[in-house]
Structure formats: structure tokens, C-alpha cells
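Written out below as C-alpha cells is the structure these notes cover.
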Amino acid sequence: RKFCDAGLPPNLTQVLEAAAPVYRAHLWPEHDQANRRWILQVAPLVREQGVGLSERLADIYQTRWPHGKIRVDAVAYANSVGAYTTVDPLRVTISSLDPRNQGPQALEVLFHEGSHGIAETVETAIIRECRQRDKPIPRDLWHALVFYTTGEVIGTVLTSSSASRGDKRKGAQGNGYDTYAFREGLYQRGWKNYLELLQRFWQPYLDGKASFDDAIARMVSSL
């Protein structure tokens, strides 16, 4: 078709269509190359670790991934945080130029965003426990948990891989990998109490020493 129909207001579509030739002529070649470089960088990590990571995360959240492939759009700009996810259908958008999305950390960002499609069980469990205990529902606890979980799982996998190559660096969580949340200071910007809860009650669940329901209940009861 001559024009893209993305469901946007007609006047906005007209503005974008008018600007598109300028973008294609002056910026698109550079952005296209950056997107392709990013894909070439991340694809080997996904092929090597992707199945195991996806199975581990689904097991942690006690659910299954959506049927079919998850579309990931590599773009030059993906809002102020460098990546975002929309659901129904699950679709991930990641900035190929954002410095936070480079190297091994790209794999963490990719699986963190994808986890938004399977973390509803956690959010639902937190809400349920809060209502049972007549407590206010904590803002973003589920999101902090997703950051923490993805970082732990990715860190364990990458550290094991690095150890096999003789790389013994020590990361922020003591597993040799500097996770996104620690590296970007998310816990220092309002999530410090959440970090303490996650380390005390969620980490034992990740280590196989507590049940999912018990971990959620203990976190909520300690709020």
C-alpha cells in the first residue's frame, strides 16, 4: 500500500509520511547499519543461550511463553530508557544505538523485555497477597522483581560460560556479572527496599530453597 496504516490519527500519519523521505535520505542508512550490527552481535548469544534462558524464566514464573515467535524491532531510538514492550501481541522494541543495550547486557535487556509477556503471574500473586493482608499494592514491586530475576538468571548463565573460559570477574551481585538494575542504579532510585525484599525472600526461591507462593507471601508480609 502507498501509506502505512498503523491506526494513528490521520493528521499524524500525514505528518510522518511527509517527514519520511527526509529521514530515509539522511538518517536511515546509518540507522539500518546500526540495527544490523546489533542483531549480528546479539543473535549468537540468543542461539547459544536462548532456549535454556527462556525455559528457566518460564519455570520461575510458573507459566509458558506465548505461542509463536516474539517479534523484536531493532530501532535507533526506543524512548528514554532504550527499550519497551507492548503486549497482546507481545512485541519488543530495543534501541540498537543505546549504550545500555550493548555487549552481554543486550541479552539481558532482550529477555527482560520479553519477560513482560510472562510475568503476569507475579503481579497477580502480589496483588492477591496484598488484598488478603489488607495492604496497599506496592508500585513496581513486580517490575523490580523482573529486573532482579532476569539479571540473576542471565548472570548465572554468562558467568558459567565465562568461568569455562577462565574469566573470573566479580560483578555487583557476586556472580561475575554487572546486572542492568545495579549498573543503572535502579535500586538506588526508589527500589532499595524492594532489593532487600528480593534478596531476602525471592532469592531463596530462585535457589530452589523456597516455593513461589511462600516467597511472594513473605515479601508482601514484610512490606
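Distances between placed amide hydrogens fall under 5 Å for Thr179 paired with Ala172, Gln173, all partners being 5 or more residues away or on another chain. Packing around the peptides 192-198, 43-49, 18-24, taken as the average count of other Cβ atoms within 10 Å per residue, puts them in this order, highest first: 192-198, 43-49, 18-24. What the Cβ-Cβ distance of Asp214 and Asp140 gives, at R0 = 22 Å and to the nearest 0.05, is a FRET efficiency of 0.50. Treating r as the C-beta distance of Arg36 and Tyr84 and R0 as 35 Å, the FRET efficiency rounds to 0.95.
Give the percent of DSSP beta bridges with both residues in the chain that are antiparallel, rounded to the nearest 5. Before the final figure, lay out each step's value.
Values: 4 of 9 bridges.
Of the beta bridges lying entirely in the chain, close to 45 percent run antiparallel.
Note on surface exposure: Trp65, Trp38 rank Trp65, Trp38 by accessible area, highest first, 1.4 Å probe. The slack between Val15 and Ile70, meaning 0.36 nm per residue of separation minus the straight C-alpha distance, is 16.8 nm. Taking every alpha-carbon pair under 8 Å whose residues sit at least 6 apart, segment 29-146 reaches a relative contact order of 24 percent. Going 7 Å from the Cα of Gln132 along its beta-carbon direction, which residues of segment 186-211 have the amide nitrogen within less than 20 Å of the resulting point? The answer is 197-198, 200-206, 209-211. The slack in the chain from Ser221 to Trp28, taken as 0.36 nm per residue of separation less the alpha-carbon distance, amounts to 64.3 nm.
Look at the alpha carbon pairs under 8 Å that are at least 6 residues apart: their mean separation over the length of segment 28-95 gives a relative contact order of 28 percent. Relative to the longest principal axis of the Cα atoms of the chain, helix 141-163 runs at roughly 90 degrees. In percent, rounded to a whole number, the relative contact order of the chain is 15, using alpha-carbon pairs under 8 Å and six or more apart.
The values are calculated or read from the model by the stated rules, or taken from the named source; none is laboratory data. As the structure is a computational prediction, the values presented were derived from the model and not from experiment. Note that each Cβ is placed from the backbone with ideal geometry, even for glycine, and that neighbours are counted across all protein chains shown. Note: accessible area is taken over every heavy atom of the protein model, side chains too, but ligands, DNA and RNA are not part of it. Shrake-Rupley method; radii C 1.70, N 1.55, O 1.52, S 1.80 Å.
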